[in-house]
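A.B. asks: One structure follows; several queries about it will come next.
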Amino acid sequence: MNDKSLLKQKFIDYVDSIIVNKKISHAYLIELSDYEEDYNYVLSFVKMILCDISYEKLFGSNNNLISQIDNNNYLDLKVIEPIGNSIRKSQLTDLQDDFSNTSLINGKRIYIIKNAEKLNSSSANTILKFLEEPVDNVVAILVTTNRYKIIKTILSRCQILSLKEEKLDFDYDDEFIDFLSLLLNPKNFFINYKSITESYLVDKNVALNYFGLVEKSIISFFHNKYSGDSVDKRIYDVLSSKTDSYLLKYLSIIESELKKLNYNVNFKLWLDSILARLLVEVNYD
């Protein structure tokens with residue numbers, strides 16, 4: 001099985017677990033490698049939510065709802081696409097008006113925003129209000145080929161799923177570099193604690209994103225260090241001052257704690273736990 005097949009199987013297994021455990025979030029951002037190749041997986045996830053069935057049971061099913069989705073005439077599924085180079089505010093206000101009415105089908109309603117990176121400032125603010133005050137039984141699915149082009153306030157309110165093979169070398173913004181520097185500075189850990197928790201890790205989704213980036217930056221650092229490839233200088237400056245054993249312990253703790261955060265744990269208790277583990281269990285050099 002190649003890397004792409006493994007990635008798709010991982011996506012299938014994960015969305016299956018969402019359905020089986022009835023842990024459907026109010027908002028998802030799904031990152032694709034290619035719309036033509038991957039968008040059917042988005043529609044499969046939609047069908048799984050609406051029909052409450054596993055991925056395997058989608059195939060060979062005579063479910064009338066599935067047929068309606070395939071024929072683009074299911075009333076409680078709306079798909080928003082860019083008009084020209086942007087998604088307009090009017091498209092989203094129309095969506096909100098439509099979904100403010102009672103569903104005739106009396107089930108979950110889903111809206112998909114394709115090319116979500118094309119939300120302009122006005123339309124982004126409109127959808128942000130919708131995400132901040134989720135309506136019962138309404139699920140948002142934003143689709144993009146590059147999550148890093150989505151504004152952070154929207155990204156932070158979505159659970160991120162990916163069908164895109166991760167690049168080990170990618171751009172980091174200055175804000176993340178500052179966060180990484182604070183996190184890896186044990187001498188000033190207590191001084192920085194308030195800044196870390198109040199300025200950066202403000203909620204569960206932001207924490208998932210930041211610690212996910214820490215995980216990737218360390219993996220990327222090791223890969224590039226031993227392959228002889230170039231390393232982002234800012235990342236290199238932060239990480240190269242630490243020993244390999246130090247970074248590997250950090251990586252191990254983050255990987256184990258991120259698994260916990262995907263479930264319904266108390267975020268504040270989780271945050272205290274991971275920061276305490278990073279402080280106590282890592283042997284600082």
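A.B. asks: Can you say whether residue 149 is without any contact (Cβ under 8 Å) to a residue 40 or more places away in the chain, over 12 Å from the mean Cα position of the chain (by Cα) and at negative phi, as far as the supplied structure shows?
C.D. replies: When the stated conditions are applied, residue 149 passes them.
A.B. asks: In the stretch 259-270, what residues are within 18 Å of residue 14 (Cβ to Cβ) and either of a type in the set (Val, Ile, Thr) or surrounded by 13 or more Cβ atoms within 10 Å (Cβ to Cβ) (or both)?
C.D. replies: 261, 262, 265
A.B. asks: Which condition breaks for residue 97 when tested against (1) closer than 19 Å to residue 45 by Cα; (2) among the acidic types (Asp, Glu); (3) free of Cβ contacts under 8 Å to residues at least 12 places away in the same chain?
C.D. replies: Among (1) closer than 19 Å to residue 45 by Cα; (2) among the acidic types (Asp, Glu); (3) free of Cβ contacts under 8 Å to residues at least 12 places away in the same chain, residue 97 violates only (1).
A.B. asks: Out of the stretch 120-153, which residues are of a type in the set (Val, Ile, Thr), closer than 20 Å to residue 33 by Cα, surrounded by 20 or more Cβ atoms within 10 Å (Cβ to Cβ) and out of contact with any Asp or Glu (no Cβ under 7 Å at 6 or more places or on another chain)?
C.D. replies: Those that are of a type in the set (Val, Ile, Thr), closer than 20 Å to residue 33 by Cα, surrounded by 20 or more Cβ atoms within 10 Å (Cβ to Cβ) and out of contact with any Asp or Glu (no Cβ under 7 Å at 6 or more places or on another chain): 141, 143.
A.B. asks: Given 74, 41, which one is under 26 Å from residue 163 (Cβ atoms), of a type outside the set (S, T, N, Q) and assigned to a loop (DSSP other than H, G, I, E, B)?
C.D. replies: 74
A.B. asks: Just one of 245, 256, 273, 241 is under 18 Å from the mean Cα position of the chain (by Cα) and either loosely packed, with under 12 Cβ neighbours inside 10 Å or more than 18 Å from residue 177 (Cα to Cα) (or both); which is it?
C.D. replies: 256
A.B. asks: Taking residue 115, is it at positive phi and within 19 Å of the chain's Cα centre (by Cα)?
C.D. replies: In short, yes.
A.B. asks: Scan the stretch 58-71 for residues that are loosely packed, with under 15 Cβ neighbours inside 10 Å and assigned to a helix (DSSP H, G or I) and jot them down.
C.D. replies: 64, 67, 70
A.B. asks: Return only the number of the condition from (1) within 25 Å of residue 206 (Cα to Cα); (2) touching a residue at least 40 places away in the same chain (Cβ under 8 Å); (3) surrounded by fewer than 18 Cβ atoms within 10 Å (Cβ to Cβ); (4) of a type in the set (Ser, Thr, Tyr) that residue 17 does not satisfy.
C.D. replies: Here residue 17 meets the rest and fails (2).
Any read-out appearing in this document is the output of simple, stated calculations on the displayed coordinates, not a laboratory observation. Values in this document were obtained by computation on a predicted structure and should not be read as measured data. Every residue, glycine as well, gets a Cβ built from its backbone with ideal geometry; the counts of neighbours run over all protein chains shown.
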